[in-house]
Amino acid sequence: MKNRLRVLRAERAWSQADLAERLGASRQTVNAIETGRYDPSLPLAFKIARLFAMPIEQIFLDEPEA
Amino acid sequence: MSLSRSPAAPARARVYGYATLSACALLLVATGRPTAKALDWMAGLGVPEGLAPVLAYAAPALVLVAMMALAHVLTRKRPLVLRWAAFLLLGAVAGYVLGFCLELFAGAGGVIDWAVGPLREAGWIEIGLWMLTAVCLALAGTTAFVAVLGSAGAAAMQVEPVAPEDLDVRSYERKMMGWSAAGMAALGVACGALALARQVEVDMRAAMVIAACVGMFFNIAIGIILWRALDELQRRMVIDSYAISAIAVTAGAFIWAAASAFGVVGEIDAGLLFLALTAAQLIVAIHITAKGAPQAVGGGA
């Protein structure tokens, strides 16, 4: 699943570690989500949405895989 | 965290990595004693008697670093499996040179003999347990190194280009790495004590079994502490590594059971089962951690 996490993070000039601290997750997890290697659970997705004050569907894009 | 913000950090880290690797190779070599076979071989080549021991110490360290560098160059931008294979193959070459030139940990036998008495000769299960002990203690040492030194420690461990973000080791990671190092060290102690329990005289056996149980207890307790502190991806990786290793060992045990029906192999020793499960779990966990996220099982969907 594609997402805009890297862009949203960059807009706020946060490092992956900064975002991980804010989410209470590991930097490894943030990295894996950003690179599309891991799709977060619903609770974590909602946490991300709350942090960026955006609806989930504006962060995670439900595009069919090629 | 200034290191992680610097664009030059990855390149610098690679230099630090090779310096660390060279230092480790030198430390390993320093524990050894030149073998008679190597000295005879060099004498046959006309190497002066005074120079042969120096070469016996220098050659393995140089070959180890050279093989690491060669593996890195040959496998650049190659798939992970190919990289692992190249590192294993070239590592085996370095290991052969090391074993040919030096008898490693030459003083360890005397220390063990003094501490627990004479040992019976190690069978292949005991050799496996000793190898597992060495791997666990080496992993514990390297993890503790990064836990103590943080970003500087992470930079010093890199021999490949890494993203600057990967060198940003903060207090959460350091704490987790500290626990991991302690857990790995406890597992190393358990494996070593189990190997000793199988090799010592009867009167020392109980003490070794108790030491192994204490090591295993701490390993499990630390595992629980770590599990509670892990986030969802890390827990997923732990589950995946246990699942894959359980499938592999179950398949292996089934094949063994089938072969034993024909009398081709003997009965499975409990020590062998522990060794196989622990080794498989360790290898899979290292592989999954190196990949960075679960893909093989579930794919994070």
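Here are B:Glu121, B:Glu126: which of them is among the acidic types (Asp, Glu), over 30 Å from B:Ala43 (Cα atoms) and touching a helix residue (DSSP H, G or I) at 6+ places or on another chain (Cβ under 6 Å)? The match here is B:Glu126. Applying the criterion of at least 1 residues that are at pLDDT 85 or above and within 25 Å of B:Thr289 (Cβ to Cβ) to the helices (runs of 4 or more DSSP H) found wholly in segment B:6-87 leaves B:9-30, B:52-74.
So, B:Gly109, is that one at pLDDT below 85, part of a helix (DSSP H, G or I) and under 19 Å from B:Ala190 (Cα atoms) or not? Spelling it out, B:Gly109 is indeed at pLDDT below 85, part of a helix (DSSP H, G or I) and under 19 Å from B:Ala190 (Cα atoms). Considering only residues that are assigned to a loop (DSSP other than H, G, I, E, B) and more than 10 Å from chain B (Cβ to nearest Cβ), look in segment A:10-31 and name the one that is nearest to B:Arg228 (Cα to Cα). If we take residues in segment A:10-31 being assigned to a loop (DSSP other than H, G, I, E, B) and more than 10 Å from chain B (Cβ to nearest Cβ), then A:Trp14 is nearest to B:Arg228 (Cα to Cα). In this structure, does B:Leu119 turn out to be assigned to a helix (DSSP H, G or I) and either without any contact (Cβ under 8 Å) to a residue 60 or more places away in the chain or more than 22 Å from the chain's Cα centre (by Cα) (or both)? So B:Leu119 fails the test. Anything in segment B:135-185 that is without any contact (Cβ under 8 Å) to a residue 24 or more places away in the chain, within 14 Å of chain A (Cβ to nearest Cβ) and surrounded by fewer than 19 Cβ atoms within 10 Å (Cβ to Cβ)? List them, or say none. B:Ser171, B:Tyr172 - these are the residues of segment B:135-185 that are without any contact (Cβ under 8 Å) to a residue 24 or more places away in the chain, within 14 Å of chain A (Cβ to nearest Cβ) and surrounded by fewer than 19 Cβ atoms within 10 Å (Cβ to Cβ).
Name the residues in segment B:241-275 that are within 20 Å of B:Gly123 (Cα to Cα) and assigned to a loop (DSSP other than H, G, I, E, B), would you? B:Val264, B:Val265, B:Gly266, B:Glu267, B:Ile268, B:Asp269 - these are the residues of segment B:241-275 that are within 20 Å of B:Gly123 (Cα to Cα) and assigned to a loop (DSSP other than H, G, I, E, B). Please work out which residue is farthest from B:Gly188 (Cα to Cα), limiting yourself to segment B:122-134 and to residues that are crowded, with 20+ Cβ neighbours inside 10 Å and of a type in the set (A, V, I, L, M, F, W, C). Here the answer is B:Leu129. Restricting the first member to segment A:32-50 and to residues that are more than 10 Å from chain B (Cβ to nearest Cβ) and surrounded by 14 or more Cβ atoms within 10 Å (Cβ to Cβ), and the second to residues that are among the aliphatic types (A, V, I, L, M) and part of a loop (DSSP other than H, G, I, E, B), no beta-carbon pair is closer than 8 Å while six or more apart or on different chains.
The values are calculated or read from the model by the stated rules, or taken from the named source; none is laboratory data. Fair warning: this is a prediction, and the values are worked out from it, not measured in the lab. When we count neighbours, we look across all protein chains shown, and the Cβ atoms used for this are built from the backbone with ideal geometry, even at glycine.
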